[in-house]
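The values are calculated or read from the model by the stated rules, or taken from the named source; none is laboratory data. The shown structure was predicted, so the numbers you read here are calculated from the model rather than taken from an experiment. Note: ideal-geometry Cβ built from the backbone for every residue, glycine included; neighbour counts use all protein chains shown. Only protein heavy atoms, including side chains, enter the accessible area calculation; ligands, DNA and RNA are left aside. Shrake-Rupley method; radii C 1.70, N 1.55, O 1.52, S 1.80 Å.
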Amino acid sequence: MGDRILQVDKVDLGYGALKVVFGASLHVNRGELVGLVGGNGSGKSTILRAISGMIAPWSGHILFDGEAIKGARPHQMARKGLAHVPMGRQLFPNMTVRENLLLGAYLPEAKAARHENMAKVEALFPDLTRYAHAMAGQLSGGQQQMVAIARALMLGPKMLIMDEPSLGLSPLFVKEVMAAIRRVAETGLPILLVEQNVKQVLAVSHRVYVLENGRQVLDGPSEELQGHPMIRKAYLGL
Amino acid sequence: QVEVGVINSLSGNFAAFGERYRTGLQVALDEINANGGIKGQQLTLTIQDDRSEAKSALAAAESFASKGVPLVIGSYASSITGPLAQFLTRQKVPMIVLGSADDSITKPGSPWVFRAKHNSTIVAKAYFDYFDHLKSTKKDAPLATVAMLYGNGAWPTSLAKEGKRLAAERGYKVVGDQAYDQGVTDFRPILNRFRGANPDILYIVSYAEDGVAITRQMREVGLNAKVIAIDTSAALPSFVQQVGKSADYIATAVSWSQDVKYPGAQELYERLKAKAGGEPSFYEAEGYLALMVAADALRRADPKSRDSVREALATTDITTPVTTVNFKSADGFQGQNPIRSLILQIQDGKHVTVFPDDLAAKQPQHPTPEWSTR
Amino acid sequence: MIKHLIGLGVLLAVGIAYPAIFPNNLTIAISVLLFAGWATSWDLLGGWNGQVSLGHASFVGLGAYFVAIGQSQFGLAPWWTMAMAAVFAAILGYFWGWLTFSLRGPYFSLSTIAVAEILRLIAINEEWLTGGATGVFLATLPEPFGIDLFSRTAQFYMALAFAAVVVATVIVISRAQFGYQLRAVREDEDSAMAAGIDPTATKLKAFMLSAALTSIGGGIYGVVLAFIEPHVIFALLLSVQIALTAIIGGRGTIWGPSVGALVLIGAGEMFRTTFAEANMLIYGILILIVVLFLPRGIVGELARRHIRRLYAKRAQS
Amino acid sequence: MPNVLRADGITVKFGGVTAVNNVSLSLGSGEILGLIGPNGAGKTTLFNAVTGFAPMHSGTITLLNKDITALPAFKRTRLGFGRTFQTERPFEELTVLENVLVAAFLTVGRRREAERLAMSVLEQVGLADRAHQPALDLNLARRRRLELAKALAVKPKVIFLDEIMAGLNPPALREMIAFVRSLSAQGLAVLMVEHIMEAIIELSDHVIVLASGEKIAEGTPQQVTSDERVIEAYLGTD
Amino acid sequence: MAGLDILLQNVANGVLMGGVYALIGIGLTLVFGVMRTINFAHGDFVVLGMYSAVLFNALLGWDPYLSLLLAMPIGFFAGVVVERFVLSRVVDAPPESALLATLGISLIIGNAILLTFGGEPRSVQVSYASSTFSIAGVNVSMVLLLAGIATVVMIAALYTLLNRTEIGRAIRGTAENRLGAELVGIDTRRIHSIVFGLGVMLAVMAGVTLIPLLFATPTNTGAVFTLKAFVVTVLGGLGNVGAAIAGGVLLGVVEVLGASYFMSEYREAYGLVAFLLILLFRPEGLFGRTVKRV
Ligand SMILES: Nc1ncnc2c1ncn2[C@@H]1O[C@H](COP(=O)(O)OP(=O)(O)OP(=O)(O)O)[C@@H](O)[C@H]1O
Ligand SMILES: Nc1ncnc2c1ncn2[C@@H]1O[C@H](COP(=O)(O)OP(=O)(O)OP(=O)(O)O)[C@@H](O)[C@H]1O
Ligand SMILES: CC(C)C[C@H](N)C(=O)O
Ligand SMILES: [Mg+2]
Ligand SMILES: [Mg+2]
């Protein structure tokens, strides 16, 4: 158990009266990059929202770093060391990139390590120093995505979850973002990555879970799944 | 048991006055019942809040009308009393005006509406009689010019209008004429302009609270005048407390005062004071007056018949510690008591009746010294 | 639509019988009907079209003044002056909207307060136009077919007709092209343009219609009060009450504003007669409770829950 | 091929920034024009300028030989433009059917007929079974289709599609590609912005590449994808 | 030359009144900027401040400025409570809900005051209420000047708080993107509570500072203040704290000059016309920034 940073146990999730995720279970080990893929509306984002405390599970439970996260709100999850790069990036558009990063290290523990983390982040994303004083809202989509990941790292997190970081990015940026994710993973940070781009996910991840209509249908090491007929048919279009 | 309906402003903008009127009504009620009620029956009051708005007042009036009360007393603001008077006239319910002073309620008026207290014609006349009086008694301080400042509500506007008419009639030159809207009260621009016109008389009509600000700022900008009259806010006991020494010399018209030379005035004052738990004003007295008039009519009439109550009211002829009352029709008015307004002046922090001469407790202090010398 | 129209018919029938059943509670019923009509008119703009106006008292005042001045100065019968008021209100609404529709959200709302306040000041100060601060008396009225328009019963039927016409208008519009244009503009102006809708023209039409209907109710109100003072009839408070009634009842719903009028005025009257000087405090608490527990308004919240439930059932099966 | 749409010398500026600089394009009926370029290149801005949603600095636009440069957006719609928005913008409080109905009313005034038209469009995009659901509750793929349905219900001659494939999983993507092809087969002129190169290559007759507001390349998909500058600025090397 | 004298005097008065208006407006600006809520109860909180000064004066004989020491923390606390129990529950509802809630609060505050203090206007009489001194022939009212100083101090403090401190950055972050702020670990509910607390604290402070100058009534005064606060904030730029002072001064000068040289009965209208013009031609306010789309 000790090597599991995240464990999601038979959770049911939904909005209002509508249930959209049915008994999903997954886990992420320390140092692991795990992919979560599935069709549109299959509930991937919903699961991420539950993990970071934006919505509460109807049943089942979620353990983060060995601790049940009942009723925790997003900022409390951040405090526990979970960084979420959400869909739409959620930057502070009228603040400079630097201010965005500084706010990333808002929490006391992160503040202590602010310089250290800033150096790390700048090493991972050398471009950022160029835009440091630009307003985040003026950057292009790809650049904003970089800032979003960098801001999450400023937290000095124990784990990173990301929702479709490549959405709407040009092919060049998709490659860059994926490379960046790989670099981050190589530092040993566990990552749960939600992506439509299954090919890319399989290429960078250790393991993958597949969700269909709110139900988990498949999981296993990425190499194995690469050859799985269902994956080839439904997700790689082969 | 005889029930009288009262429509009064207990909440909303006019609640401060509603409280005072209620005190007066209750003092009268106690007195009436202590003296045997109405033909041996207890008199009861049903007071309904009108929230300081006509809509609610009309709903209250309808419930009173259908309940069969012999008469209704109400309310303070003319914007409420006006519609009320219209409605009760249609319903043929006798009505006694509680606090409204707007002329239009009794002019042309209706056979069903009675007002024992004063109106803007009477009040304006009292002021100008007072000015004339000062002019004739103190020749060394001639009064020729007047500047007017008034809120844009119904009462201040009509009092100013009547004032302007009288100024023209009696040969005063109007050198300033300004209405203002009730906002965050900064009167400095107007007062500064008045200072340039150098008026002998300042004729100011304000809602209760604005007079305080005007007085303070008058001193601040150094606007001097020989006579300063502020209606109606200077009549409130709290006025003196809020402007302190600057309140002295200021004159204001009321329908009643503690030291007026009417029999029983002082005693009424004590009773009002005891009931209110604070310093009473003429508002309490007007409340008292309204119910005393009602009781008198009810004693002389058949309380079951509104017609007979109306007739009794029309033939009212009583003397109370507030004023004598008889409703006659004159000068286009109907159902209006020709009450004599009093002029109070604040002397050493106290309201003192100074005019008309025969009712006055003291002589007016005149002229008002300049601010720089006080 | 048919369902709603039938509902309206039934209510109308009940309404017609009302004065016979409760002859002594007409004033309050008139208030409910007028507010139902005003709030429903307001809702055409505020709810269906999403432009929250806090200046509708201007149109109430306009109607009341047209009727009072028309009668007392020119001897014009109220039905003529109400029609004139409606036309004039629509024109005023046009220029008002033209001036302020470039503003969105809270900025629009604030601008309506400003315009309405300026109109109030004009009504108070321009004596030649309005009779000034002391107001106008309505002493006589014509008697069509021998009906005394000053009687509460006649006024009740006028108010009933007014409310019914407004609600019927909204019922018809809600299912027509115009109704969808209104809602499309409310939801997203750009997206509406992409569907070929002219947002400004749509908003202007909504404003004009809303203004015209409101002013007709204002004319009736003038007859009911028979004495109007600019401070009262143009008050920001009245504008706020109209908006409040619609929002509490449920914005953008057919019956919400009427339900809002019934609840607010009914409860208000109950409080007024039972709690004396504390009644407005309790009224404030009532508003807070509705907001906290029914954030979309009474009808709005019920409708939403109903739809959610239906849809959840369908999705699950 | 007869010209349906011509845009000449389009320039759009925001404050001091030139977002689109002197770009021209033309489009015939049944033709599919692809528009690609890095994030922030000005693709959406160009769309907005042509459809009338962003004020132009200079340039002229003609639709079927009629100069429409000065017309507001809704009038262009009435003359034959249909468009989607990059971030989908359904009328959230309306049902799916009502959303489309709003657009259908443009060409048919009678409610019954408008409803029939709306239903048939919904059928076309495969949303008919969701007709009475609130639009708010649709998932991404369905929202995209609703966007499309709204654009189609105005019976356009030219349709502008802004990244309608982004975030779709492979099966949904295949369907969408087929659908766009069917539109052009019906004679519609299609202008589409896309980062999914698969779709661009498969669908476009002609491709324009924007970078920093400038047209840097133009030609068949094969031509542009092998263009050095396009690879450097947009596609990246593997 | 007399004309110039009077003009100078009028401008000076306008500027000083502007300080008063700014003071009334800043709390509203702050709350709108962060929470996007138009607080219809703002003026009532100002009135609450006035009554607290009246109360401290009556019970303890304190000067209003002394009662700030107690009134401000109490105001902050009251704001936090209102936010916690009311506003925080309607954040996800349509924006009109928050507006309605503040209307309800406004009614409750006004009528609660009415029930406790009665309807009579209240004020605190201080020795410096009408005192003036003159600089270069221009008379300056002592209370107005004190209020102006209080305004400048308060706005400077607020500006520093927002732009130079960690919590200030968190407040701005919350204003720009609530979810984003939550995700970096900012407890945005707490931020909202703090901001509303600050807003009410500023309103209370305005009330206390103004009581020597104005008077308080339970229900009418609040609405007047709220309206003024709206005008000030829009003139300066909704949500731009520093600009509130510019908005206030602009309003003060426009009103005073209008009332002095044109018709004084339209005094309130001058500010409103300026307000409309600014809204129409510079909706972001005189000093507001345009919000870039993301
Ligand atoms: N805020 C919401 N309210 C109601 N329903 C929602 C909400 N968000 C999502 N849903 C519904 O929940 C289901 C799952 O959505 P979710 O966003 O988790 O899917 P996803 O797997 O992330 O899809 P995508 O790949 O399109 O992002 C969908 O049917 C969607 O319509
Ligand atoms: N309303 C606006 N105000 C100021 N700048 C804007 C505005 N709209 C767009 N821009 C700027 O114009 C440039 C072009 O943006 P545009 O959205 O057209 O890019 P795009 O090519 O569609 O990018 P993407 O592929 O990310 O959608 C960007 O630098 C953007 O920041
Ligand atoms: C003098 C006051 C008794 C008159 C009161 N202000 C009124 O409006 O009628
Ligand atoms: Mg998702
Ligand atoms: Mg784009």
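Only sites in a loop by DSSP and with at most 15 other Cβ atoms within 10 Å count here; which GluC sites (Glu not before Pro) in the range C:111-213 make the cut?
Answer in residue order: C:GLU126.
What share of Cα pairs, in percent, lie more than 23 angstrom apart in the range D:59-187?
31 percent
In chain E, how does Rg compare with the Kirkwood Rh, expressed as the Rg/Rh ratio over alpha carbon atoms?
Ratio of gyration radius to Kirkwood radius: 0.97.
With each label point set 7 Å from Cα along the Cα-Cβ vector, what nm distance links B:LYS92 and C:ALA201?
Between B:LYS92 and C:ALA201, the simple spin-label model gives 5.9 nm.
Counting alpha carbon pairs within less than 8 Å and at least 6 residues apart, what relative contact order, in whole percent, applies to chain B?
Relative contact order comes out at 19 percent.
To the nearest whole number, what is the average tally of beta carbon atoms from other chains within 10 Å of the beta carbons of peptide C:138-148?
So the per-residue partner count for this stretch is 1.
What angle do you read, to the nearest 10 degrees and between 0 and 90, between the alpha-carbon axis of helix A:114-124 and the longest principal axis of chain A?
Tilt relative to chain A: about 70 degrees.
At a probe size of 1.4 Å, how large is the accessible area of B:ASP231, to the nearest 10 Å²?
Roll a 1.4 Å probe over it and B:ASP231 shows about 0 Å².
Once R0 is set to 25 Å, what does the formula 1/(1 + (r/R0)^6) return for the Cβ-Cβ distance between A:ALA112 and A:THR187, expressed as a FRET efficiency to the nearest 0.05?
On the way: r = 19 Å, r/R0 = 0.76.
That pair, A:ALA112 with A:THR187, gives E of 0.85.
Ignoring ligands, DNA and RNA, please state the percent of accessible area on the range A:4-234 from carbon and sulfur, probe 1.4 Å. Could the numbers behind the result be given before it?
Details: 4380 of 8510 Å².
Ligands and nucleic acids excluded, carbon and sulfur give 52 percent.
Normalised by the number of residues in the range E:2-281, what is the relative contact order in percent for Cα pairs under 8 Å and 6+ residues apart?
Numbers: 481 pairs, mean separation 115.0, N = 280.
Result for the range E:2-281 is 41 percent.
Please give the average number of partner chain Cβ atoms lying within 10 Å of the Cβ of each residue in C:21-30, rounded to a whole number. Numbers along the way, then the final one.
Numbers: counts 0, 1, 2, 5, 4, 4, 11, 7, 2, 4.
The mean count of partner-chain Cβ atoms within 10 Å per residue comes to 4.
Evaluate the distance, in nm, between pseudo-label points positioned 7 Å from the Cα of C:VAL87 and of C:ALA276 along their respective Cα→Cβ axes.
5.3 nm
Report the net charge of residues surrounding B:THR145, where surrounding means a beta-carbon distance below 11 angstrom and charges are Lys +1, Arg +1, Asp -1, Glu -1. Please report the intermediate quantities before stating the final value.
On the way: positive: B:LYS173, B:LYS226; negative: B:ASP200.
Overall, the nearby charge balance is +1.
Leaving ligands, DNA and RNA out of it, work out the accessible area of B:ASP307 with a 1.4 Å probe and give it in Å² to the nearest 10.
Ignoring ligands and nucleic acids, B:ASP307 comes out at about 80 Å².
Quick check: from the Cα gyration tensor, does the range C:2-236 come out rounded (a/c under 1.5), prolate or oblate?
Oblate, since a/c reaches 1.5 and b/c is not below a/b.
Work out the P(r) tail for the range E:49-99: percent of alpha carbon pairs separated by more than 17 Å, whole number. Each step should come with its number before you reach the end.
Values: 638 of 1275 pairs.
Beyond 17 Å sits 50 percent of the P(r) for the range E:49-99.
Ignoring ligands and nucleic acids, what accessible area does B:SER238 show with a 1.4 Å probe (Å², nearest 10)?
Its heavy atoms expose roughly 20 Å² to the probe.
Between A:LYS10 and D:SER24, how high is the FRET efficiency from 1/(1 + (r/R0)^6) when r is the Cβ-Cβ distance and R₀ = 56 Å? Nearest 0.05.
After rounding to 0.05, the efficiency reads 0.45.
Please give the helix E:95-117 orientation as an angle from the longest Cα principal axis of chain E, in degrees from 0 to 90, rounded to the nearest 10.
50 degrees
Placing unit charges on C-beta atoms (Lys and Arg positive, Asp and Glu negative, everything else neutral), compute the dipole magnitude of the range A:4-234 about its Cα centre in debye, rounded to 20.
Result for the range A:4-234 is approximately 240 debye, rounded to the nearest 20.
Three principal axis extents, largest first, for the C-alpha atoms of the protein assembly as shown, in Å?
Extents along the principal axes: 115, 74, 64 Å.
Choose one answer from E:THR116, E:THR29, E:THR160: the residue with the largest mean-square fluctuation in a GNM of chain E with alpha-carbon springs under 10 Å.
E:THR116
Per residue, how big is the convex hull of the range E:94-140 when only Cα atoms are used? Give it in Å³.
Output value, Cα hull per residue: 131 Å³.
Enter the mean number of other protein chain beta carbons within 10 Å of the beta carbon of each residue in C:234-242, as an integer.
Taking all residues of C:234-242 together, the mean is 3.
Restricting to Cα pairs below 8 Å that are 6+ residues apart, what does the relative contact order work out to for the range D:88-155? Please round to a whole percent. Before the final figure, lay out each step's value.
Details: 91 pairs, mean separation 33.0, N = 68.
Relative contact order of the range D:88-155: 49 percent.
Modelled label-to-label distance, B:THR373 and B:ALA197, 7 Å Cα→beta-carbon offset: nm?
2.4 nm
Stokes-Einstein at 25 °C, 0.890 mPa s, Kirkwood radius from Cα pairs: D for chain A in µm² s⁻¹?
Working: Rh = 18.1 Å.
Translational D for this selection: 136 µm²/s.
Please determine, in degrees from 0 to 90 and to the nearest 10, the orientation of helix B:188-197 with respect to the longest principal axis defined by the Cα atoms of chain B, where the helix direction is its Cα long axis.
Orientation of helix B:188-197: about 60 degrees from the principal axis.
Near D:PHE53, within a Cβ-to-Cβ distance under 9 Å, what is the net charge of the other residues, with Lys and Arg +1 and Asp and Glu -1?
Here the charged neighbours net out to 0.
Select from C:GLY222, C:ILE298, E:ALA147 the residue farthest towards the positive end of the dipole of the protein assembly as shown; place +1 on Cβ of Lys and Arg, -1 on Cβ of Asp and Glu, and compute about the Cα centre.
Farthest towards the positive pole: C:ILE298.
Report the local net charge at A:ALA83: Lys and Arg +1, Asp and Glu -1, summed over other residues whose C-beta lies under 10 Å from its C-beta.
Summing Lys/Arg as +1 and Asp/Glu as -1 gives +2.
Using per-residue counts of other Cβ atoms within 10 Å, averaged over each peptide, order E:127-136, E:72-81, B:67-76 from highest down.
B:67-76, E:72-81, E:127-136
Return the whole-Å distance between the Cα centroid of the range B:281-346 and the Cα centroid of the range C:159-200.
57 Å
Could you compute how much accessible area chains D and A hide from each other, both sides summed, with a 1.4 Å probe? Nearest 100 Å² is fine.
So the total buried area for this chain pair works out to about 1500 Å².
With every protein chain present, what is the per residue accessible area of the protein assembly as shown (1.4 Å probe, Å²)?
Ligands and nucleic acids excluded, the figure is 35 Å² per residue.
Roughly speaking, what % of Cα-Cα pairs in chain D are separated by over 26 Å, rounded to a whole number?
Beyond 26 Å sits 37 percent of the P(r) for chain D.
So, with +1 on the Cβ of K and R and -1 on the Cβ of D and E, and no other charges, what is the size of the charge dipole of the protein assembly as shown about its Cα centre, to the nearest 20 debye?
1660 debye
For a quick check, take a GNM of chain B with Cα springs below 10 Å and name the residue from B:ALA61, B:ALA154, B:ALA34 with the largest mean-square fluctuation.
B:ALA34
Using a 10 angstrom cutoff on alpha carbons, build the Gaussian network for chain C and name the most mobile of C:MET208, C:MET84, C:MET270.
Its mean-square fluctuation being the largest, the pick is C:MET270.
In Å³ and rounded to a whole number, note down the convex hull volume per residue for the Cα atoms of the range A:105-169.
Per residue, the Cα convex hull of the range A:105-169 comes to 96 Å³.
Would you report the distance distribution of C-alpha pairs in the range D:88-155 as whole percents per 10 angstrom bin, up to the bin with the largest distance?
26, 60, 13, 0
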